[in-house]
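Accompanying notes for the structure given below.
Values quoted throughout were computed directly from the atomic coordinates according to the rules given, and no laboratory measurement underlies them. None of these values were measured; they are calculated from a predicted model. Note that we place each Cβ from the backbone using ideal geometry, even for glycine, and neighbour counts take in every protein chain shown.
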Amino acid sequence: MSVLTDLQERSGTACELCAATTDLDIYEVPPVSISGLDVSLLACNTCRSQIEKAAEMDPNHWRCLNDSIWSEYDTVNVVAWRMLQRLKKTEGWPNDLLDMMYLEDTVLEWAKATGEGLSENEKIIHRDVNGVILENGDSVVLIKDLKIRGSSQVAKQGTAVRRISLDRENAEYIEGKVGPTQTVLITKYVKKI
Ligand SMILES: [Zn+2]
């Protein structure tokens, strides 16, 4: 079975965050190095776009987390935790939900891996060649040819890399898929698009 059918089956074909039943697709929870059920959840377009673009958050939409924080699936817990961290900057109620959540240590570590909930000066900031801040989920283009480590493949200058994820330990590294290969990119050799 494919990941999508597995997700549809476990969720009853509903968004695992807000229970919407339309525009559903796989959301891979960053930082993603391998695809698969263990790093995926089924989410509607509204949830996916607000997860990826913090600027477009509608706090009321995320009242759905009242229910989804109790999910038995780690990926749902991780995303719920991250969204609550983001929401608590402007709202009071997310703190109550965070207090009720219990995450195993390994799951909490994963939840923290994208830096959500850290204050600005604790955060490692990734910038592209022009100094533009890069976020998880952004798309970039390569500004020079790139040898793909461990293969003979070369990604040409101008190649677009979509849905990057940031290396939380190092501000110079991001990850993204070049063709089918997940690879590490250096921030000074990419430009945000
Ligand atoms: Zn949703």
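The chain: longest stretch without exposed chymotrypsin sites (Phe, Trp or Tyr not before Pro) (DSSP loop, at most 16 other Cβ within 10 Å), sites themselves excluded?
103-193
When the Cα centres of the stretch 95-154 and the stretch 11-76 are compared, how far apart do they sit, in Å?
Result: 17 Å between the Cα centres.
Pick from Thr22, Thr75, Thr46: which residue has the top mean-square fluctuation in a GNM of the chain where Cα pairs under 10 Å get a spring?
Top of the fluctuation ranking is Thr22.
Between the DSSP loop rule and a limit of at most 11 other Cβ atoms within 10 Å, which GluC sites (Glu not before Pro) in the stretch 37-117 are left?
The qualifying sites are Glu72, Glu104.
Using the Karplus equation 6.51 cos²θ - 1.76 cosθ + 1.60 (θ = phi - 60°), what ³J(HN,Hα) coupling, rounded to whole Hz, does each residue of the stretch 82-93 give in order, writing x for Gly and Pro?
After applying 6.51 cos²θ - 1.76 cosθ + 1.60, I find 5, 5, 5, 4, 5, 6, 6, 5, 10, 10, x, 4 Hz.
Name the most mobile residue of Arg86, Arg149, Arg48, meaning the one with the largest mean-square fluctuation, in a Gaussian network model of the chain with Cα contacts below 10 Å.
Most flexible of the set in this elastic network: Arg149.
Per residue of the stretch 155-169, what does 6.51 cos²θ - 1.76 cosθ + 1.60 with θ = phi - 60° give for ³J(HN,Hα)? Whole Hz please, x for Gly and Pro, Karplus curve as stated.
Karplus values, whole Hz, x for Gly and Pro: 8, 6, 3, x, 5, 8, 10, 9, 6, 5, 10, 8, 7, 6, 8.
Please list, by residue number, everything in the stretch 46-80 whose backbone N is under 11 Å from a paramagnetic label point 7 Å out along Cα→Cβ of Ala20.
Taking a point 7 Å out along Cα→Cβ of Ala20, the residues of the stretch 46-80 whose backbone N falls under 11 Å are 46-51, 58, 61-62.
Given the Cα-Cα distance of Asp6 and Ser33 and 0.36 nm per residue of separation, how much length would full extension add, in nm?
7.8 nm
Do the sum for the chain: with -39,500 (n - 2.57) for every DSSP H run of n ≥ 4, divided by all residues, what is the mean residue ellipticity at 222 nm, to the nearest 500 deg cm²/dmol?
-7500 deg cm²/dmol
Could you check which residue among Val140, Val178, Val132 shows the biggest mean-square fluctuation in a GNM of the chain with a 10 Å Cα cutoff?
Ranking Val140, Val178, Val132 by mean-square fluctuation puts Val132 first.
Using amide H atoms built 1.01 Å from N in the peptide plane, name the residues 5+ places from Val178, or on other chains, whose amide H lies under 5 Å from its own.
Those qualifying (amide H under 5 Å, at least 5 residues apart or on another chain) are Thr183.
Whole-Hz Karplus ³J(HN,Hα) for the stretch 31-48, in order, using 6.51 cos²θ - 1.76 cosθ + 1.60 and θ = phi - 60°, x for Gly and Pro?
Result, ordered by residue: x, 9, 10, 10, 7, x, 4, 5, 10, 10, 9, 9, 9, 7, 4, 4, 5, 4 Hz.
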